[in-house]
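This report concerns only the one structure given below.
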Amino acid sequence: MLNAALFGLELPETPTGFKLENYQVDYATGFFPQEPPSRLSGQFKLWEDALDDAEGKLSLGEDTRACAKAKRPYGENWRDRIRNMPLLDTGDLADEPRLWQRAHMVLAFLINFYIHSQPPNGSPTPVHVPECLAVPIVNVSRVLGIAPVLTFADTVLWNAKPADSQLPMSANNIALAHTLSNTNTERNFHITSAKAELRGVEILRIIEDYAQLPDYADIHAVSRTAKDLRRLATVVQDLTDILQNMKDTVDPHCFYWQVRGWFRGSDCGTSKWIYDGVPESDTLDLAGPSAGQSTVMHAIDVFLGVDHQLHEKRSPAPSEENKKADRGFMERMRRYMPGQHHAYLKDLAALPVPVRSLAKTSPLLRESYDLAVLALKKFRDAHMRIVCLYIINMAGTTPPGTPEEALERQGMQSQGRAKGTGGSHVASLLKAGRDATDRTLVVRR
Ligand code: HEM
């Protein structure tokens, strides 16, 4: 028997409460609901109808191709219809989490359709989200504990469903209910995230098993943890493969010019968003969706003890660029997760014996722990290459359409839509995350 003294650690009691089911997390589907949220009915069908009338029929406002411009009059009518919709009382939604999730998703899609189908007018004046969308999404978001804007939960967790409804959702059986751009590139982009999310469920189970260990320092527990850390490394390697394989189905040029514009939040364009009818709407969290909001990805970081905020003294010391990067990004992204999932991360961070502390003192764990950290660092290296391919490189390409159409679009791009569309901000953020992961290793090579 090993005991705490061998580790040089004071080991507190193991918690009993850290179970996935306490956080609305399913053992098979993870952060996906067991069943996809069902369509809203009654008076809320109005929102569903508006969504049906938007998909595939509206064009991205900044798209200057003739085929996109031909859709603009329809877009004007659609937005006019939205402005004239009644303000519905979300208190009338039945007390059923799936309906609230569906309401959030439908409203968030409507908001992005409403904002981004408007041709940019080149002025930095704020854009207004009508009260009939703004007020209900804020109310629904308060119940769900999530930001009142399109999030990873809307585009992936509540949007994915089994392609064959007779079979459970799996890597080979995923379809999407909704897209903004109506392109296969967008579908496959979200399906890639959904596949990673599903593969990540095994990691959630590994973490739960660790949290449930009756005695972290017992020899059997240590050898089990070592084995599980190796398993975790393999799953993270699979996530990297899923990420890299997206090159086969997600077209970079289409992604950059036809898809990404639909996702922008209030932090990216030239104009801030105002939520009409919502007091102090400038204090709301209104960034665009990102896989940086995936609770699975955060769970890996928290479990392994990656220090994104540079709170701890680790080697090698952070570079000047690391220090200047947005250290609060990952923490902020948690506000874009459903409240229960956010709570899961908070409790995970409070486990009495972080696996990194054990690995530092136990030669039995060190190698397998570092293997898991290295796998995560490789994931972040691969992710940086993906971002280079899909954003940084594409920023220098010619927009789609005839030379005249492309020129018109390029003119718009140069009017200051650059933040979040590539360049140094994103690169230094991702590099800082990769370097923080590297600093998590317990043995410096
Ligand atoms: C075309 C594919 C992708 C692009 C262009 C892309 C782009 C980005 C960008 C620009 C960020 C920086 C912050 C932000 O703006 O949200 C980010 C963050 C992040 N992305 Fe992606 N992403 C892609 C696919 C994925 C996939 C499939 C995953 C997960 C399997 C993923 C996981 C993450 C994570 C975890 C972060 C937070 C930062 C970090 O942990 O390093 N991304 N992504």
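The values are calculated or read from the model by the stated rules, or taken from the named source; none is laboratory data. As the structure is a computational prediction, the values presented were derived from the model and not from experiment. A quick note on method: Cβ atoms are made from the backbone with ideal geometry, for glycine too, and the neighbour counts reach across all protein chains shown. Note: accessible area is taken over every heavy atom of the protein model, side chains too, but ligands, DNA and RNA are not part of it. Shrake-Rupley method; radii C 1.70, N 1.55, O 1.52, S 1.80 Å.
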Criterion violated by Val143 - all others in (1) part of a helix (DSSP H, G or I); (2) free of Cβ contacts under 8 Å to residues at least 40 places away in the same chain satisfied: (2)
Single condition Ala54 does not satisfy, out of (1) at pLDDT 95 or above; (2) among the small types (Gly, Ala, Ser); (3) farther than 20 Å from Gly261 by Cα; (4) assigned to a loop (DSSP other than H, G, I, E, B): (3)
Name, by its number, the condition in (1) within 11 Å of the ligand (Cβ to nearest atom); (2) assigned to a strand (DSSP E or B); (3) β-branched (Val, Ile, Thr) that does not hold for Val250. (2)
Consider only pairs whose beta carbons are under 6 Å apart and that are at least six residues apart or on different chains; among these, list those whose first residue lies in region 93-113 and is more than 19 Å from Tyr275 (Cα to Cα) and whose second residue is open to solvent by 10 Å² or more (accessible area, probe 1.4 Å) and assigned to a helix (DSSP H, G or I). Leu93/Leu99; Trp100/Val143; Trp100/Leu144
Which of the helices (runs of 4 or more DSSP H) contained wholly in region 331-419 include at least 3 residues that are open to solvent by 40 Å² or more (accessible area, probe 1.4 Å)? 339-349, 363-387, 403-413
If the Cβ limit is 8 Å and pairs must be 6+ apart or interchain, which residue in region 189-208 that is acidic (Asp, Glu) pairs with which residue that is near the ligand (Cβ under 9 Å from one of its atoms)? Glu197/Ser294; Glu197/Val296
Which number in (1) touching a Lys or Arg at 6+ places or on another chain (Cβ under 6 Å); (2) closer than 18 Å to Val426 by Cβ marks the one condition that His342 misses? (2)
Go through (1) within 16 Å of the ligand (Cβ to nearest atom); (2) under 30 Å from Arg409 (Cα atoms) for Ile274 and report which single condition fails. (1)
I'd like to check something: does region 214-221 contain any residue that is modelled with pLDDT of 95 or more, more than 21 Å from the chain's Cα centre (by Cα) and open to solvent by 40 Å² or more (accessible area, probe 1.4 Å)? no
Given the criteria among the β-branched types (Val, Ile, Thr) and either open to solvent by 10 Å² or more (accessible area, probe 1.4 Å) or more than 21 Å from Thr249 (Cβ to Cβ) (or both), does Thr155 qualify? no
Cross-chain or 6+ apart pairs with Cβ under 6 Å, region 240-260 first and open to solvent by less than 50 Å² (accessible area, probe 1.4 Å), then aromatic (Phe, Trp, Tyr): Thr240/Phe379; Val250/Phe189; Pro252/Tyr390; Phe255/Tyr390
Just to check your reading of the model, which residue among Arg199, Arg205, Arg187 is more than 16 Å from the ligand (Cβ to nearest atom) and either closer than 18 Å to Val156 by Cβ or out of contact with any Ser or Thr (no Cβ under 9 Å at 6 or more places or on another chain) (or both)? Arg205
